[in-house]
Amino acid sequence: MDTPVIGVLALQGDVREHLAALDAAGVRAAQVRRPEELDGVDGLVLPGGESTTMSKLAVLFGMAEPLRERIRSGLPVYGTCAGMIMLADKILDPRSGQETFGGIDMIVRRNAFGRQNESFEAAVEMPGIPGGPVDGVFIRAPWVELVGAGAEVLAEHGGHIVAVRQGRVLATSFHPELTGDHRVHRYFADMVRDAQ
Ligand code: GLN
């Protein structure tokens with residue numbers, strides 16, 4: 001089987017870190033900015049950053065609708081932090097006009113873990129990922145208030161849901177791309193391979 005190509009939505013956010021993590025996870029990584037570039041990828045990462053800005057830029061670059069369509073038709077997608085927000089079917093306290101791509105039947109609360117200076121690092125148990133807890137970096141991180149019947153909770157921290165999967169769509173509140181631990185990226189790469 002061909003090595004999968006996994007794109008990183010490169011409108012805003014920590015794109016470089018994801019490209020490096022994907023590289024380390026053994027797949028081909030590519031930046032995606034335009035709708036045509038979506039056609040060339042087997043999976044896509046939505047980076048951390050600022051979901052309100054990402055939402056505006058996605059509309060401006062004509063990416064919002066094509067992306068929604070690709071997610072609906074089964075493109076594997078992984079969102080970290082702001083990327084998780086973009087994958088929520090519903091968000092609490094959005095900025096006015098803020099849109100998401102959707103893909104996971106969940107309600108996400110933005111900035112739920114507090115402000116920038118309340119950012120923290122914690123060991124997160126993710127039973128689906130072998131080799132012990134994952135190093136979770138939480139930066140103005142969201143949490144998941146509620147998941148629908150089709151979504152599977154993969155991890156919780158402090159009683160709050162911080163990792164969710166629904167079919168081919170994966171989301172974490174935290175940023176594995178900022179640690180040297182590439183197990184979550186590898187897990188996503190396997191999801192992409194399974195979908196090929
Ligand atoms: N709080 C940010 C948002 O609303 C997300 C922060 C992050 O991605 N580190 O988009």
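Filter the stretch 16-27 down to the residues that are open to solvent by less than 50 Å² (accessible area, probe 1.4 Å) and in contact (Cβ under 8 Å) with a residue 60 or more places away in the chain, then identify the one that is farthest from the ligand (Cβ to nearest atom).
Gly26
Annotation: of all residues in the stretch 1-15 being more than 17 Å from Gly79 (Cβ to Cβ) and out of contact with any Asp or Glu (no Cβ under 8 Å at 6 or more places or on another chain), the one that is least open to solvent (accessible area, probe 1.4 Å) is Thr3.
Exactly one residue among Ala82, Ala64, Ala58 is at pLDDT 95 or above and within 16 Å of Ser173 (Cα to Cα), and that residue is Ala82. Candidates are the residues of the stretch 137-149 that are assigned to a loop (DSSP other than H, G, I, E, B) and away from the ligand (no atom under 16 Å from the Cβ); the one that is nearest to Asp89 (Cα to Cα) is Gly148. The single condition among (1) surrounded by fewer than 14 Cβ atoms within 10 Å (Cβ to Cβ); (2) aliphatic (A, V, I, L, M); (3) within 16 Å of the ligand (Cβ to nearest atom) that Val153 does not satisfy is (3). Can you find, within the stretch 102-125, the residue that is most open to solvent (accessible area, probe 1.4 Å) among those that are in a strand (DSSP E or B) and acidic (Asp, Glu)? The selected residue is Glu121.
Once the stretch 28-63 is narrowed to residues that are among the hydrophobic types (A, V, I, L, M, F, W, C), part of a helix (DSSP H, G or I) and crowded, with 20+ Cβ neighbours inside 10 Å, the residue that is nearest to the ligand (Cβ to nearest atom) is Met54.
Is it true that Gly128 is without any contact (Cβ under 8 Å) to a residue 40 or more places away in the chain and part of a loop (DSSP other than H, G, I, E, B)? Let's see the steps before the verdict.
Details: without any contact (Cβ under 8 Å) to a residue 40 or more places away in the chain: no; part of a loop (DSSP other than H, G, I, E, B): yes.
Considered against the rule, which asks whether it is without any contact (Cβ under 8 Å) to a residue 40 or more places away in the chain and part of a loop (DSSP other than H, G, I, E, B), Gly128 comes out as no.
Looking only at residues in the stretch 74-101 that are of a type in the set (Asp, Glu) and more than 11 Å from the ligand (Cβ to nearest atom), which one is least open to solvent (accessible area, probe 1.4 Å)? Applying the filter and picking the extreme gives Glu99.
Going through the stretch 11-27 one residue at a time, which ones are within 18 Å of Ile71 (Cβ to Cβ) and part of a helix (DSSP H, G or I)? Show your work before the answer.
Taking the stretch 11-27 first, the residues within 18 Å of Ile71 (Cβ to Cβ) are 11, 13, 18.
If the condition is that a residue be within 18 Å of Ile71 (Cβ to Cβ) and part of a helix (DSSP H, G or I), then His18 is the only one that fits.
The values are calculated or read from the model by the stated rules, or taken from the named source; none is laboratory data. Because the structure is a prediction, the values reported are computed rather than measured. Quick reminder, even Gly has a Cβ in these numbers, built from the backbone with ideal geometry, and neighbours come from all protein chains shown. For the accessible areas, the whole protein counts, side chains as well, though only heavy atoms, and no ligand, DNA or RNA atoms are used. Shrake-Rupley method; radii C 1.70, N 1.55, O 1.52, S 1.80 Å.
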